[in-house]
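Step one of this worksheet: look at the structure below.
The values are calculated or read from the model by the stated rules, or taken from the named source; none is laboratory data. Just so it is clear, the structure is predicted and the values come from calculations on it, not from any experiment. FYI the Cβ positions are ideal-geometry reconstructions off the backbone, even for glycines, and counts take in every protein chain you see.
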Amino acid sequence: MNVAELILKKRDGFALVGSEIAFLISGYTAGRIPDYQMAAFCMAVFHRGMNAEETLFLTRAMLESGSVLDFSSLPGLKLDKHSTGGVGDKTSLVIAPLVAAAGAYVPMISGRGLGFTGGTLDKLETIPGFEVQLPLSRFRAVVEQVGCAMIGQTDEIAPADRKLYALRDVTATVESIPLICASIMSKKLAEGLDGLVLDVKTGAGAFMPSLQQASDLAQSLVDIGNGLGTQTVALITDMNQPLGRAVGNALEVQEAIQTLKGSGPQDVALLCEKLSARMLSLDVTATEFNRARTSIAEAIGSGRALEKFAQMVEAQGGDPRVIDNPALLPRAALQEVIESKSEGFVLGVNARAVGRASMALGAGRERVDASIDPSVGILLNKKIGDHVEKGEPLCTVFYNQAARLESVRSQLLEAFVINANRVEPPPLIKGVVE
Ligand code: URA
């Protein structure tokens, strides 16, 4: 096979067959195909797209570039959840121990934050001692012993994706549905799962702002999962305003712990419940879904989900005392309250603007290899539908560098839209794709 001919075929809008895609991916992973040819191929895919079959072949080739975990000797279901990324989304930290407490296994391989969206690994690393870079043998041992473990991608998992994602990042080819789908699903399906629930975000703070784009992405992800033998469902959920009240790594860990204690914000608790119940009842009948909801509520109410979280933290080298002592988490030195300039009802809290403000404080990173400040962030005092008096706090900024505050203050004031009339909070779940 000739690489230039395959690039030309895609450039001219023709579909590639499975063996051609496998040839490109295995050749690139092994270093036989250079970056410049793969970059041209990615750009051809960016412009011409891929049909469902090609996307499936691409995912399979990327998945098979590395190890696929085998947890078949464990007695329960092996399940995971993946979110396409949002602002204030700390649900993974709640869902992994929650679903494990309900009797399943959750071998979760997560990512770091990039741009205005946060990442699970950055949040976990705010827990003193917590180790996210475990070798696969240790990961497996924690999953077996505790029921859940959360680590970062390793060299063994989908190495083709690691190389391709770095290339796409610098060649303006990230925003392509087939490339995104193959990237996400090659990593998730390497976990050796029985079932996967996807949380595809839509709205101002989402990767795919429009409902149509989010639905297309969800359908493509679900088709790949099911096509490669893992039962997959997607919920399309609102990301117009941040999820919960905390945005920023250590602040979000604190809010996740509150949610595991049953005292988290209502939207975080509701989304965790819905996603977890879906995970536990993937081949859903209404009775099974309701049974799963009951076992989820019981796992929170009994304290077993919190206990699982503590066990996971300890097994991964972290200090479980953070559960009762949030002062052990990193804390920003300074705080400032942003007050409302008018009276009314909150019509919008622009998630993208809050995410950008949090990033400007140092909570997020512009480039994959940049470092972050785990202690900084924003606590929202008001969310959509709340009434606010003039001079009342809209949000509180936790920061370390005063020089960054001025621009953040105006960004946050602009993020809040205040309306004279009463406003209903938007529905959290906007659709289901199965
Ligand atoms: N997340 C991924 O893992 N891959 C993409 O291509 C985009 C988001």
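So the values come out like this:
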{"read-out": "Subset tally (residues that are more than 16 Å from the ligand (Cβ to nearest atom) and either among the β-branched types (Val, Ile, Thr) or farther than 19 Å from Lys187 by Cβ (or both)) for the range 104-124", "value": "2"}
{"read-out": "Residue check, Val337 of a type in the set (Val, Ile, Thr) and more than 23 Å from the chain's Cα centre (by Cα)", "value": "yes"}
{"read-out": "Where a residue in the range 324-347 is acidic (Asp, Glu) and its partner, wherever it lies, is outside any strand (DSSP E or B), with Cβ under 7 Å and at least six apart", "value": "Glu336/Leu405; Glu339/Gly391; Glu339/Glu392; Glu343/Glu389; Glu343/Lys390"}
{"read-out": "Residue check, Ile257 surrounded by 22 or more Cβ atoms within 10 Å (Cβ to Cβ) and in contact with a Ser or Thr (Cβ under 6 Å, 6 or more places away or on another chain)", "value": "no"}
{"read-out": "Among (1) within 11 Å of the ligand (Cβ to nearest atom); (2) in a helix (DSSP H, G or I) - the single one Lys163 does not satisfy", "value": "(1)"}
{"read-out": "Total residues in the range 166-209, condition more than 29 Å from Ile33 (Cα to Cα), buried (at least 23 other Cβ atoms within 10 Å of the Cβ) and either among the acidic types (Asp, Glu) or within 9 Å of the ligand (Cβ to nearest atom) (or both)", "value": "1"}
{"read-out": "Failed criterion for Lys390 (all others in (1) in contact with a Leu (Cβ under 9 Å, 6 or more places away or on another chain); (2) modelled with pLDDT of 95 or more; (3) farther than 30 Å from Gly129 by Cβ; (4) assigned to a loop (DSSP other than H, G, I, E, B) hold)", "value": "(1)"}
{"read-out": "Complete set of residues in the range 404-424 that are within 22 Å of Val268 (Cα to Cα) and free of Cβ contacts under 8 Å to residues at least 60 places away in the same chain", "value": "Glu424"}
{"read-out": "Selection from the range 240-286 of residues that are in contact with a Phe, Trp or Tyr (Cβ under 9 Å, 6 or more places away or on another chain) and not in a helix (DSSP H, G or I)", "value": "Gly248, Ser281"}
{"read-out": "Residue in the range 182-202 that is assigned to a helix (DSSP H, G or I), touching a Phe, Trp or Tyr at 6+ places or on another chain (Cβ under 8 Å) and within 19 Å of Ala30 (Cα to Cα) present", "value": "yes"}
{"read-out": "Filter result (modelled with pLDDT under 95 and either touching a strand residue (DSSP E or B) at 6+ places or on another chain (Cβ under 7 Å) or part of a loop (DSSP other than H, G, I, E, B) (or both)) within the range 403-419", "value": "Leu405, Asn419"}
{"read-out": "Top-ranked residue of the range 194-217 - restricted to ones that are hydroxyl-bearing (Ser, Thr, Tyr) and touching a residue at least 12 places away in the same chain (Cβ under 8 Å), ranked as farthest from Val349 (Cα to Cα)", "value": "Ser215"}
